[in-house]
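The values are calculated or read from the model by the stated rules, or taken from the named source; none is laboratory data. If you're wondering where the values come from, they're calculated on a predicted model, not measured in any experiment. Heads up, the Cβs are rebuilt from the backbone with ideal geometry, glycines too, and the neighbour counts pull from every protein chain shown.
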Amino acid sequence: MLKCNNDYIYYLSLMKSKNLEEKNQVIANERGVVLLVDDDPLVLASLEATLKREGYQIIAVERAEDAVEIIKKESLAIIISDYNMPGMNGIEVMQEAIKFRPEAIRILLAGGDDLKIAIKAINIGQVYQYISKPWDDEELKKTLKTSFDKYKLVAENKILQKLIFTQNKKLQIAHIALQKELKIGARIHEKLLMDDVPKDIPGVVIDAISLPSKEIDGDFFEFYRQSDSVFDLNIGDVMGKGLAAALVGTAVKTQIKYYALPFPKMSQLNATVATSLENENCGKSKRKGKKR
């Protein structure tokens, strides 16, 4: 679930991209929000000015408690916090960031090279970088760039995972529909396309089997008994596979069967015609008798 407006806009811009290359370009062009936290207003102003020149969106606060509220509400790419602050220290701010904004890259500022603080920052605050005051602007810019590159990589992976999940859902639905189609087609193939093999022709043993190249095709065979000792065999090879081919095969077989049914014997035909003529003559005789 997207938790804020920035995430929503970012996701929409990514979804409108036509291909993977365009999606990567959207991610590359996205400038995330950087939260700066330092109780010294001069240090805060200096950081803000340096990073704004690099094109970052900045939220700057002097109180750690205010920073925590922003962390809970805003989508942040990078969090830079001073260590020594009244109330909460920088590591405690980072702990709140882990809970509410784990995707944000965390950077800690501290005066001097205090190894204990650095170790705590890494182990407890899970910071990505530890920067000593006073900092070098060029080094700070490089640190921000690598931090933001890492943030973009994680964001890209999450978006692509969402896209893959959506596509997999669509494929699952299509697969279920295909399985239903295959079951219908298999019943058509078994019941309508494959004819019963005659077993009662004296002196002849017949057997037949059809092995479709896929689960369904439209191929068929059928036996037509013209008499007790004569039968015709019809074999159909339908191009294509799937339910459509099975339906075509069924339609063709039905039409062929209509014309291939055995004609009545001549003796039966003569008897039928004679009966019809006799009935017709009897009807005429009765009508003439009534007129007289």
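Being touching a strand residue (DSSP E or B) at 6+ places or on another chain (Cβ under 6 Å) and assigned to a loop (DSSP other than H, G, I, E, B) is the filter here, so list the residues in the range 78-104 that pass it.
Taking the range 78-104 and keeping what is touching a strand residue (DSSP E or B) at 6+ places or on another chain (Cβ under 6 Å), we get 78-83, 90, 93-94, 97, 104.
Within the range 78-104, Tyr83, Ala104 meet the criteria.
Restricting the search to the range 94-104, which residues are in contact with a Phe, Trp or Tyr (Cβ under 9 Å, 6 or more places away or on another chain) and either of a type in the set (Ser, Thr, Tyr) or buried (at least 22 other Cβ atoms within 10 Å of the Cβ) (or both)?
Taking the range 94-104 as the starting set, the residues that turn out to be in contact with a Phe, Trp or Tyr (Cβ under 9 Å, 6 or more places away or on another chain) are 103-104.
The answer is Ala104, and nothing else.
Kindly indicate which of Asp66, Asp82 is crowded, with 23+ Cβ neighbours inside 10 Å, over 22 Å from Ala155 (Cβ atoms) and over 41 Å from the mean Cα position of the chain (by Cα). Before the answer, list the steps.
On the way: Asp66 fails: crowded, with 23+ Cβ neighbours inside 10 Å.
Every option except Asp82 fails the conditions.
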For this session: Name, by its number, the condition in (1) surrounded by fewer than 21 Cβ atoms within 10 Å (Cβ to Cβ); (2) not in a loop (DSSP other than H, G, I, E, B) that does not hold for Ile107.
Result: (1)
Exercise. Which one of these does Ile124 not meet: (1) surrounded by 14 or more Cβ atoms within 10 Å (Cβ to Cβ); (2) touching a residue at least 12 places away in the same chain (Cβ under 8 Å)?
Worked result: (1)
Seminar exercise, completed: With criteria (1) more than 18 Å from Asp38 (Cα to Cα); (2) in a helix (DSSP H, G or I), Leu51 comes up short on (1)
Exercise. Restricting to the range 130-146, what's the tally of residues that are crowded, with 19+ Cβ neighbours inside 10 Å and under 41 Å from the mean Cα position of the chain (by Cα)?
Worked result: 2
Problem set entry | Test set (1) within 23 Å of Lys145 (Cα to Cα); (2) modelled with pLDDT of 90 or more - Ser75 fails condition number | (2)
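Is it fair to say Phe231 is surrounded by 12 or more Cβ atoms within 10 Å (Cβ to Cβ), among the hydrophobic types (A, V, I, L, M, F, W, C) and at pLDDT 75 or above? Walk me through it before giving the result.
Numbers: surrounded by 12 or more Cβ atoms within 10 Å (Cβ to Cβ): yes; among the hydrophobic types (A, V, I, L, M, F, W, C): yes; at pLDDT 75 or above: no.
No; evaluated as a whole, the condition is false for this residue.
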